[in-house]
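Undergrad: Have a look at the structure that comes next, please.
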Amino acid sequence: MRNRLFTNRKFIIDILMVVVIAAMAVLVYYRVDQMIDNQKESEEAAAESTLNNPQEEMTQTPHEQEPTELEAKPALAFNLVNLDGESVALSDFLGNAVMVNFWATWCPPCRAEMPLIQEYAAANQGQLVVLAINAGEENHTVQDFVDSQNFEDVNFLLDLTNSVADLYRVPGLPTSLFIDAEGLLQGIHIGELDEDLLTTYLAGIGVK
């Protein structure tokens with residue numbers, strides 16, 4: 001009789017243990033499933049935010065970099081359209097010093113340095129070509145900005161998908177590249193340019 005009671009008690013305990021283990025397994029399953037759903041929602045929200053706010057992909061960068069030595073290497077080729085819809089390639093300007101400026105209208109440092117860039121482009125016509133590549137904005141947005149200023153000597157190009165910015169791994173705006181007449185990338189500046197910095201970089205590509 002005692003053995004039977006012991007056996008029944010053990011059987012009940014075993015059943016309870018199975019029930020507890022099963023309940024814990026179900027709880028863990030739903031918890032993991034909830035975590036996966038939360039992660040998916042976060043990723044979708046981030047993706048939607050990026051689509052609705054393309055400027056968040058590329059932030060504005062403060063003026064903080066000093067000119068540094070850079071091992072010269074061939075500049076990566078690209079082809080974009082200007083505000084008139086005409087195709088413009090970097091290779092079109094081989095034989096000239098070229099400054100490539102990545103910028104956007106929503107970027108205050110970009111707007112602040114543009115008059116200085118225009119001044120140097122105008123002063124060095126025939127020696128310096130400036131390609132201002134807009135980061136992801138529509139033609140009319142860029143055109144409105146250009147029309148509001150006197151930027152006659154700057155070539156404005158549209159990079160709607162930021163393909164060229166990605167090609168050069170541009171980390172923030174503004175960023176400027178300095179390419180010599182042989183097509184070699186001689187300098188990169190991340191952040192707003194002042195007159196001393198711009199003069200130094202241009203001297204590095206033969207613009208005095």
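Undergrad: Kindly indicate which of ALA122, ALA97, ALA112 is closer than 16 Å to LEU193 by Cα and in contact (Cβ under 8 Å) with a residue 24 or more places away in the chain. Spell out the reasoning first.
TA: Values: ALA122 fails: closer than 16 Å to LEU193 by Cα; ALA97 fails: closer than 16 Å to LEU193 by Cα.
After ruling out the rest, the residue left standing is ALA112.
Undergrad: Quick check on my filter: what residues within region 130-154 are under 26 Å from GLY206 (Cα atoms) and within 21 Å of the chain's Cα centre (by Cα)? Step through it out loud before you land on a result.
TA: If we filter region 130-154 for residues that are under 26 Å from GLY206 (Cα atoms), which is where we start, we get 130-134, 150-154.
Scanning region 130-154 gives VAL130, LEU131, ALA132, ILE133, ASN134.
Undergrad: How about region 95-113: which of its residues are closer than 18 Å to LEU202 by Cβ and not in a helix (DSSP H, G or I)?
TA: Just the residues of region 95-113 that are closer than 18 Å to LEU202 by Cβ, to begin with: 95-103, 113.
Within region 95-113, GLY95, ASN96, ALA97, VAL98, MET99, VAL100, ASN101, PHE102, TRP103 qualify.
Undergrad: Starting from residues that are surrounded by 14 or more Cβ atoms within 10 Å (Cβ to Cβ) and among the hydroxyl-bearing types (Ser, Thr, Tyr), keep the ones in region 119-148 and report whichever is nearest to ASP166 (Cα to Cα).
TA: Residue satisfying both the conditions and the ranking: THR141.
Undergrad: (1) among the polar types (S, T, N, Q); (2) surrounded by 14 or more Cβ atoms within 10 Å (Cβ to Cβ); (3) without any contact (Cβ under 8 Å) to a residue 40 or more places away in the chain: which one isn't true of THR105, the others all being true?
TA: Of everything listed in (1) among the polar types (S, T, N, Q); (2) surrounded by 14 or more Cβ atoms within 10 Å (Cβ to Cβ); (3) without any contact (Cβ under 8 Å) to a residue 40 or more places away in the chain, THR105 misses just condition (3).
Undergrad: Here's something else I'd like to know. Would you confirm whether or not region 135-147 contains a residue that is in contact (Cβ under 8 Å) with a residue 12 or more places away in the chain and in contact with a Gly (Cβ under 9 Å, 6 or more places away or on another chain)?
TA: Within region 135-147, one or more residues are in contact (Cβ under 8 Å) with a residue 12 or more places away in the chain and in contact with a Gly (Cβ under 9 Å, 6 or more places away or on another chain).
Undergrad: So which residues in region 80-100 are of a type in the set (A, V, I, L, M, F, W, C) and either over 23 Å from the mean Cα position of the chain (by Cα) or outside the structural domain of ASP144 (by TED's automatic domain parsing) (or both)?
TA: First pass over region 80-100, keeping only residues of a type in the set (A, V, I, L, M, F, W, C): 80-81, 83, 88-90, 93-94, 97-100.
Of everything in region 80-100, those that are of a type in the set (A, V, I, L, M, F, W, C) and either over 23 Å from the mean Cα position of the chain (by Cα) or outside the structural domain of ASP144 (by TED's automatic domain parsing) (or both) turn out to be PHE93, LEU94, ALA97.
Undergrad: Of the residues that make up region 125-136, is at least one part of a helix (DSSP H, G or I), under 18 Å from LEU83 (Cα atoms), modelled with pLDDT of 95 or more and not small (Gly, Ala, Ser)?
TA: Looking through region 125-136, none of the residues is part of a helix (DSSP H, G or I), under 18 Å from LEU83 (Cα atoms), modelled with pLDDT of 95 or more and not small (Gly, Ala, Ser).
Undergrad: When you go through (1) assigned to a strand (DSSP E or B); (2) among the hydrophobic types (A, V, I, L, M, F, W, C); (3) surrounded by fewer than 22 Cβ atoms within 10 Å (Cβ to Cβ) one by one for LEU116, which number turns out not to apply?
TA: For LEU116, the exception is condition (1).
The values are calculated or read from the model by the stated rules, or taken from the named source; none is laboratory data. Please read these numbers as outputs of a predicted model, since none were measured by experiment. Cβ coordinates were reconstructed from backbone atoms using ideal geometry, including for glycine residues, and neighbour counts include every protein chain displayed.
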